[in-house]
Amino acid sequence: MSQQILERVEAASLKESPPVFEIGDTVDVHTRILEGEKERTQIFNGVVIAKSGSGTREMFTVRRIVAGEGVERSFPVHSPKVAKVEVKRSGVTRRAKLYFLRDRVGKAVRLRERRVDSPPAEAKAEAKARRGKKAAKAKAESKPN
C-alpha cells in the first residue's frame, strides 16, 4: 500500500519525456547553473558508464578525461537542473556498468561505435540480388548483336 502511495507522489516530479540513451553512449549533458541572479547552461560531455535506480531516484554517471585526469559526475534523470541530454555517439557494450574504463588510458578508453542505420540481413541479400540483376542487364545491353 505504501509503495503505491509513494509512486503516486513521485509521478508529479517525473519528466514527461525522459532522455533516451544507453550505457556506452557519448552524451552532452546540458545542466542549468544559477550564478547569483543569472542562469546559464553548462555542458558536461562524456561516456555514460552507469545507470541506477528507478522513478525519481534514477541516476546516470558520465565519465570524461580532463587534463589527463578522469572526472565522473552523476546526474538525476528527472532533475529540473538537467535541461537536456544529447546523444553524440552510441557505443557497443556488453556490460551494464563500464567501471573497467577507469583503469584504461588513452585510446583504450574508446568504445566501438554502434551502427544503428545498418539494414538487416534480409535487406542486404535483396540489395545484392538487385545489383546482380543490374550487372547482368548492363552486360546484355552492352553486347553488340
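The values are calculated or read from the model by the stated rules, or taken from the named source; none is laboratory data. Here the structure is a predicted model, which is why all the values come from computation and not from measurement. Cβ atoms come from the backbone with ideal geometry, glycine included; neighbour counts cover every protein chain shown.
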Members of segment 21-63 found to be free of Cβ contacts under 8 Å to residues at least 12 places away in the same chain and not in a strand (DSSP E or B), listed by number: G36, E37, G53, S54
In segment 9-20, residue nearest to the chain's Cα centre (by Cα) [restricted to those that are part of a loop (DSSP other than H, G, I, E, B) and over 23 Å from A96 (Cβ atoms)]: S17
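On the basis of being charged (D, E, K, R) and in a strand (DSSP E or B), does R95 make the cut?
Details: charged (D, E, K, R): yes; in a strand (DSSP E or B): no.
Answer is no for this residue.
Kindly indicate which of A129, A67, A136, A140 is surrounded by fewer than 11 Cβ atoms within 10 Å (Cβ to Cβ) and at pLDDT 85 or above.
Only one candidate passes the filter, namely A67.
When you scan segment 35-57, how many residues do you find that are more than 18 Å from E113 (Cβ to Cβ) and within 16 Å of the chain's Cα centre (by Cα)? I'd like the intermediate steps shown before the answer.
Narrowing segment 35-57 to residues more than 18 Å from E113 (Cβ to Cβ): 35-44, 50-57.
The next check asks that each one be within 16 Å of the chain's Cα centre (by Cα); those that pass are 43-44, 50-52.
Final tally of qualifying residues: 5.
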Conditions (1) surrounded by 13 or more Cβ atoms within 10 Å (Cβ to Cβ); (2) modelled with pLDDT under 90; number of the one not met by F75: (2)
Residue within segment 50-59 that is in contact with a Pro (Cβ under 9 Å, 6 or more places away or on another chain), at pLDDT below 90 and hydroxyl-bearing (S, T, Y) present: yes
Selection count where residues are surrounded by 12 or more Cβ atoms within 10 Å (Cβ to Cβ) and charged (D, E, K, R), scope segment 103-118: 4
Residue in segment 76-84 that is among the polar types (S, T, N, Q), out of contact with any Cys (no Cβ under 9 Å at 6 or more places or on another chain), farther than 26 Å from E16 by Cβ and outside any strand (DSSP E or B) present: no
